[in-house]
Structures are given as C-alpha cells and as structure tokens.
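The values are calculated or read from the model by the stated rules, or taken from the named source; none is laboratory data. Bear in mind that the values here come from a model prediction, so they are computed numbers and not experimental data. Ideal geometry is used to build each Cβ from the backbone, glycine not excepted, and the neighbour counts take in all protein chains shown. Only protein heavy atoms, including side chains, enter the accessible area calculation; ligands, DNA and RNA are left aside. Shrake-Rupley method; radii C 1.70, N 1.55, O 1.52, S 1.80 Å.
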Amino acid sequence: QVRLVESGGGLAQPGGSLRLSCVVSGMIFSRSDMGWYRQAPGKQREVVALITTDGRTTYADSVKGRFTISRDNAKNTVYLQMNNLNAEDTGVYYCKSSPWAYWGQGTQVTVSS
C-alpha cells in the first residue's frame, strides 16, 4: 500500500518560514518524480514545485526565490522549505508522486499576523 504523509504545516507570520516534509512508503521512492501542490480556499489546486529523480527542480513563478524543494532518497522524503511567506501562500499543501500518481492527505499552511 502506497502512502504519502505530509507534515510541517501550521501558522506562520508574514515573512516567516515553514518546512514541509512528505514521507513516502510502499513504492520505490528513488524512481519517482515528486511534487508539492497547494489549494487555497475557493481556488483550484496548483503546482508549487517539482523535483525529478535526478534532482532537477521547477517552481511556480509565485514562489521562485522563496521556496526550495529537495529530496532525500535514503529517507524516502521530499521537503519544501518555504521562506518569506505571505498571505497568498495560505492553503492546503499536498505532495504527489509521478508517474504513479499518489497524493498525500495534505497539511494546512496559514500565513497571518
């Protein structure tokens, strides 16, 4: 059974930082591209950042220079370091594997003063 479990969300102040983690089990993590997505209230889910099996990264324009995606194949974990957060970053953050499309349950990120 494949499981993706996110953690690290919470409340942050504008300008603050959070680090999300997604632990994957039940699949060969090193062979899977991984991504972070988010869904803000009333909006569609959107891609935030992607990382390939060989470490190439892609970011949404809205997070470039502020967010960093990384992976640790030894720990079957993908991370999202989020710096200089703003209110528009509020939403539920999900990790997803590719090409075998599995989703985690999501972790809430709220940016508010």
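Of all residues in the stretch 50-75, those being closer than 17 Å to Ser25 by Cβ, touching a residue at least 24 places away in the same chain (Cβ under 8 Å) and open to solvent by 50 Å² or more (accessible area, probe 1.4 Å) number 2. Among the residues of the stretch 27-41, what is the count of those that are over 15 Å from Ser7 (Cα atoms) and either without any contact (Cβ under 8 Å) to a residue 24 or more places away in the chain or among the hydrophobic types (A, V, I, L, M, F, W, C) (or both)? The total comes to 6.
Between Gln44, Gln81, Gln105, the distinction of being assigned to a strand (DSSP E or B) and either over 19 Å from Val2 (Cα atoms) or in contact (Cβ under 8 Å) with a residue 60 or more places away in the chain (or both) belongs to Gln81 only.
Among residues that are in a strand (DSSP E or B) and among the aliphatic types (A, V, I, L, M), Leu50 is included.
With respect to (1) assigned to a loop (DSSP other than H, G, I, E, B); (2) over 30 Å from Ser113 (Cα atoms); (3) among the small types (Gly, Ala, Ser), the lone exception for Ser30 is condition (1).
Residues are listed down the side, and each one gets a yes or a no for (1) closer than 15 Å to Cys95 by Cα; (2) modelled with pLDDT under 95; (3) of a type outside the set (Asp, Glu):
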| site | (1), (2), (3) |
| --- | --- |
| Arg3 | yes, no, yes |
| Gly9 | yes, no, yes |
| Ala12 | no, no, yes |
| Gly15 | no, no, yes |
| Arg19 | yes, no, yes |
| Met27 | yes, yes, yes |
| Pro41 | no, yes, yes |
| Arg45 | yes, no, yes |
| Arg66 | no, no, yes |
